[in-house]
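The values are calculated or read from the model by the stated rules, or taken from the named source; none is laboratory data. All of these numbers come straight from a predicted model, not from anything done at the bench. Virtual Cβ from ideal backbone geometry, glycine too; neighbours counted across all protein chains shown. Just the protein is used for accessible areas: all its heavy atoms, side chains included, with ligands, DNA and RNA removed. Shrake-Rupley method; radii C 1.70, N 1.55, O 1.52, S 1.80 Å.
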Amino acid sequence: MTTARRSRLACAAALLVLVASGCGDGAVSRDANTGGAGGSDATAYLTKTCNRYQPTVGVTDTSIKVGYSGALGGPFATVGVALWGMLGYFDMINAKGGVRGADGKQRKIEVVYKDDQYQVATTKANVQKLVDDDKVFALLGIVGSSANQAIRPIVNQGCVPNMFATAGAPELGDPSYPWAINGPVAVYHGEGLTYANYLKQHMPQATVAFMSQHDDYGRAEIGSFKDGIAGSQVKIVKEVTFETTDADLSGQITTLAATKADVVIVIALGAQMLQSINTISAHPEWKPQVLTAPISVSQLSHLNPGAGHGLLTGTSIDVDDPKLAGDPKVALFRKWVEPVFQKNNVKLPVSAGVGGWNEAALFVQTVEKATAVTRADVMAVARNFKPDRHDIIFMDGLTLETGPDDPYLVEGMVISKWDANTKTLSIVDTIDLNGQVKFKSYQ
């Protein structure tokens, strides 16, 4: 894959987007003499527009400190587990002496991490401590869409990079909050548009029953799906929602089953996703095409025997698949991440750490490509970025890229079909919407 190329002109454009709507407590003025995104030009401009800007907090001659908050236990540990993949990647980089900045110095990366149990109020408190007490240079891989939106005032006022969040919230592309950016997961309204595009092509007259979490995630998915099917013959016949704390979703599924819809779309996580698929598959009369939010082979393998056969889902590379044992990227990942899982007694498939591994790889590249190891320079790279994919574990056919008019790193999905007999996923379509998914809030 190609290495990111950045001219100073492109960097200046990226910086203009970065600060166009302000950072901190004061109003923003557009200055024609901002210069490029590198070095003193960017630092001076951001210092002028942000009263609390401190460029090198968390950076020494030998280290860079980053902060993380996510669910490290409880029912949502499957999303917080990204941390352990992140630590594995940084262990690899630190074993080589650290990440080398433009000043030629190598710095080891230290991660300060906190458990938030996927509770927004706790995430916000954690992030305040990471910024004020732990003095981190940047936040990395913060988990949860609602959580990332809740912390935007903190990172904006302090001009602290909130990089490659473990969240697909469209709001992370809001130019009013330039210090946050999504990670290597499909932005949620990109997912919704992908589902719409798939059905318009393959089931153009489908009736759809839609079940989603009652939160920002679910609202973005259903809202963008409606945008995507507008003007087509694909029709939503019923929508239901559920709370992430609900222990039983059978009532919602009974409501959907009464519609006899051709397709049911399920936007859920973890145990709620598996329960939903099992319940739909066991229904005696309703046999819809099931289309789900991304779920791995490792998770699908925990379904009841035969459940979910033929369902469609967004696909990622499953490093737990024995067929990939010889893949160099997978072998490298397992070499460094498996010991972290063992050390921290993580009882989840190692594949759950891929997202964190990728987030760490992206962070390292932004530091390497920045013209100075400052918050502004590193964030400017992330905002105008086509990363080298040499050790990023990501599906072919999908673009990883941001730009002045493209705030989202991933737009689109690879769609695969589940075979419950062989416990495998087979690709049926790749829908890449790079550059086509624009900022829109569905709150």
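Overview of results
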quantity: Extension gain (nm, one decimal) between residue 427 and residue 368, 0.36 nm per residue minus Cα-Cα; calculated: 17.8 nm
quantity: Calculated P(r) of region 175-223 - Cα pairs past 13 Å, %; calculated: 67 percent
quantity: Karplus (6.51, -1.76, 1.60) ³J(HN,Hα), θ = phi - 60°, over region 329-334, in Hz, Gly and Pro reported as x; calculated: 5, 5, 4, 5, 4, 5
quantity: The chain, accessible surface, carbon-and-sulfur percent (1.4 angstrom probe); calculated: 51 percent
quantity: Fraction in percent of alpha-carbon pairs per bin - 10 Å, region 218-275; calculated: 19, 52, 27, 3
quantity: Heavy-atom accessible area ranking, 1.4 Å probe, most first, across 239, 221, 285; calculated: 285, 239, 221
quantity: Mean shadow area of the chain over all directions, Cα convex hull, nm²; calculated: 20.1 nm²
quantity: Phi-based couplings in Hz for region 377-383 (Karplus 6.51, -1.76, 1.60; Gly and Pro marked x); calculated: 5, 5, 5, 4, 4, 4, 7
quantity: Total formal charge among the other residues, if their Cβ is under 13 angstrom from that of residue 317, Lys/Arg +1 and Asp/Glu -1; calculated: -2
quantity: Amide H contacts of residue 290 (H built 1.01 Å from N, under 5 Å, at least 5 apart or other chain); calculated: 264, 312
quantity: Set of region 304-333 residues, backbone N closer than 19 Å to the point 7 Å along the Cα-Cβ line of residue 390; calculated: 327-333
quantity: Centroid-to-centroid separation of region 325-361 and region 146-195 [C-alpha atoms, Å]; calculated: 24 Å
quantity: Per residue accessible area of the chain, 1.4 Å probe, in Å²; calculated: 39 Å²
quantity: Nearby aspartates and glutamates by direct alpha-carbon distance to residue 423 (threshold 16 angstrom, same-chain neighbours under 8 apart not counted); calculated: 318, 320, 321
quantity: Cross-link reach list, lysines versus residue 369, counting only Cα pairs under 20 Å and skipping chain neighbours closer than eight places; calculated: 65, 96, 105, 108, 386
quantity: Whole-number percent relative contact order across the chain, with pairs defined as alpha carbons under 8 Å at least 6 apart; calculated: 20 percent
quantity: Residue-averaged [θ]222 nm for the chain, counting only DSSP H segments that reach four residues, each worth -39500 (n - 2.57); calculated: -11000 deg cm²/dmol
quantity: At 0.890 mPa s and 25 °C, Stokes diffusion of region 95-198 via Kirkwood alpha-carbon radius, µm² per second; calculated: 165 µm²/s
quantity: For region 248-255, Karplus couplings with θ = phi - 60° (6.51, -1.76, 1.60), whole Hz, Gly/Pro x; calculated: 9, 10, 5, x, 4, 5, 4, 4
quantity: In Å², nearest 10: area of residue 323 left accessible to a 1.4 Å probe; calculated: 150 Å²
quantity: 13 Å beta-carbon shell around residue 288, net charge (K/R +1, D/E -1); calculated: +1
quantity: Spread of Cα-to-Cα distances over 5 Å intervals beginning at zero, given as percent, for region 249-341; calculated: 2, 12, 22, 20, 14, 10, 8, 5, 5, 1
